[in-house]
Amino acid sequence: MQLLHQTISKLKGFKEWFDTLDLHESQLVLGLSGSVKHLAESCVFEKLDKQLVIVTPTLLQATQTYEELSEWYDDEVVHLFPVEESLAADFSVVSPDVVSQRIRTLDFLSRGQKGIVIVPLSGIQKLLVPAAVWKKSSIELAMGSEIESMDAFVEQLVELGYRRENMVATPGEFALRGSIVDIYPLDQEYPLRLDFFDTEVDSIRTFNAETQRSMDVIQEVRILPATDLPLQKEAVWKAQTKIHALYEKDVKAAQSPERKDQVKNIQQAIDAQLENGEIPSNLTYFLECIYPEKTSLLDYVSKDAYLIIDDYARFIEKSKTLEEEAGYWKTHHIETGAIASGLSLVQDGRKVLKESPLSRTYLAIFQKGLGRLALDAIHPITTRTMTQFFSQMPMVKVEADRWKKQGATVIVLVDDAKRAQKVEQTFADFDIKSVISNGTVLEGQLQIMVGKMHNGFELPEDKFAVLTERELFNKLTKRAPRNQKISNAERLKSYTELAVGDYVVHVNHGVGVYQG
């Protein structure tokens, strides 16, 4: 894709934008959508060579952006911070894969590494623990290093969100057997087995969760939290007074004896748990009591990071929708006593972005409906979606002749060199002149190049076009399979094996309960 980056960067509309990234604090680019937008975003990253944060209105758009950029970059470069758009979903049971993605993203940002982070608006609104707390929420061990004591180490694992079990089987668990501690971090493919000699690390090995047999010896390890909201016990105990005061306010405001008793009972239950040193299951509701300084994902990024805010008109609409839905959910849970009325639970995403000092580019199709934005520059870029040919080669021939007459540069992307030869032969059969790229872009010619892109596009003013096999032959781009972590689970051989109440794991939707 490097050739496409270089070519796009030289085109007039894009060049004016890219050349002023360091000069302007706020810009607006109009007209980009689909793959050409994602290509432009990757060009911004290549140009700046620092952290790039792409904010989208919805989780779906964030996922689509992540999937295409992942075709062009390694997992270490591109990260997704997935957060459900409803509070009901986000505060319910979240799949380990989603939590794992969040953990990896937060760790990536907190360490100041260069790369791309894609986050939906709901992710910007999400309250997080302070970045300074996150940086302290990992454990680094090496052969020969020492821990304070086994009891302190176990307590630290619990504080990081790990669940103690008799035997480790799934991510997020740990087990203690004598001097051996088994831990299954969410970001690791295999669980870890730590063998201690008193307080000294004697060995570190990976092991198979199913057979429990040790595998490879490793010299050092960094254990990340098993939750995206690691809570320090000291901070939790200090927040007890604030949590009590919130419920006390609701008790006084209760308009009936029944309501007063309901809130009082919940208040006393939480007080009792905290006094006994226990962590209430719904404590994440009270994050703003534990850490009064409201922290968002943008507080984790580098000071020189760059922001791209995608589809800003829809961003404004989505912000209003999320605010309304959060209000309904909050009202319902206040009535049931699950939360106190003084909690905000989420932040205003637009306010978070507005108050961020980061330089940014807003993306939109049209300039209308963007509200009052203070802009240093506006760059309109004319793009067209590529025609769907559905293997109708005579139609391709007509379009190819038009491009040739215009002197346009046309790139056809295929999966591999073998496909390039086949497509070249198909073009030749229909008298469409083409060449296979030898590592350079030939101006004014139709050329076939190995590369991946979800959708083609045309830039008529620049006389430039990109086609994929999707447009030519209705062939879907094959996404490289990623390793799936399936632990303590078996693939179903027949749906008759399921019984009502069984836990199931869907590859896309996560953990659920079979209801018949």
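The values are calculated or read from the model by the stated rules, or taken from the named source; none is laboratory data. All values reported here derive from a predicted model rather than from experimental measurement. Neighbour counts run over all protein chains shown; Cβ positions are idealised from the backbone, glycine included.
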**Report entry** Conditions (1) outside the structural domain of Pro57 (by TED's automatic domain parsing); (2) within 19 Å of the chain's Cα centre (by Cα): number failed by Met150
**Finding:** (2)
Query - In the stretch 387-402, the residues that are outside any helix (DSSP H, G or I) and either closer than 17 Å to Ala465 by Cα or not hydrophobic (A, V, I, L, M, F, W, C) (or both) - result: Thr387, Gln388, Phe389, Ser391, Gln392
Query - Wholly enclosed helices (runs of 4 or more DSSP H) of the stretch 1-60 bearing at least 1 residues in contact with an Asp or Glu (Cβ under 7 Å, 6 or more places away or on another chain) and surrounded by fewer than 20 Cβ atoms within 10 Å (Cβ to Cβ) - result: 2-10, 12-19
Query - Where a residue in the stretch 197-223 is under 18 Å from Leu176 (Cα atoms) and its partner, wherever it lies, is of a type in the set (Asp, Glu) and in a strand (DSSP E or B), with Cβ under 7 Å and at least six apart - result: Thr199/Glu146; Glu200/Glu146; Asp202/Asp195; Ser203/Asp195; Arg205/Asp216; Thr206/Asp216
Query raised in the report: Would you say Leu80 is under 28 Å from Leu127 (Cα atoms) and within 14 Å of the chain's Cα centre (by Cα)?
Result: yes
Query raised in the report: Does Leu87 count as in contact with a helix residue (DSSP H, G or I) (Cβ under 8 Å, 6 or more places away or on another chain), buried (at least 21 other Cβ atoms within 10 Å of the Cβ) and touching a residue at least 60 places away in the same chain (Cβ under 8 Å)?
Result: yes
Requested in this report: Look through Ile223, Ile204, Ile243 and report the one residue that is among the hydrophobic types (A, V, I, L, M, F, W, C), surrounded by 14 or more Cβ atoms within 10 Å (Cβ to Cβ) and modelled with pLDDT under 90.
Outcome: Ile243
Query raised in the report: When the stretch 403-430 is examined, which residues are found to be assigned to a helix (DSSP H, G or I), closer than 15 Å to Gly456 by Cβ and in contact with a helix residue (DSSP H, G or I) (Cβ under 9 Å, 6 or more places away or on another chain)?
Result: Val423
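Matching residues to (1) surrounded by fewer than 20 Cβ atoms within 10 Å (Cβ to Cβ); (2) over 24 Å from Gly172 (Cβ atoms); (3) in contact with a Ser or Thr (Cβ under 8 Å, 6 or more places away or on another chain):
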| position | (1), (2), (3) |
| --- | --- |
| Thr65 | no, yes, yes |
| Ser95 | yes, no, no |
| Arg104 | yes, no, no |
| Gly112 | yes, yes, yes |
| Ile116 | no, yes, yes |
Requested in this report: Identify, from the list Val500, Val466, Val504, Val435, the residue that is at pLDDT below 85 and touching a strand residue (DSSP E or B) at 6+ places or on another chain (Cβ under 6 Å).
Outcome: Val504
Query raised in the report: Hey, does the stretch 290-303 have a residue that's more than 25 Å from Ala62 (Cα to Cα), of a type in the set (D, E, K, R) and either in the same structural domain as Arg102 (by TED's automatic domain parsing) or out of contact with any strand residue (DSSP E or B) (no Cβ under 9 Å at 6 or more places or on another chain) (or both)?
Result: yes
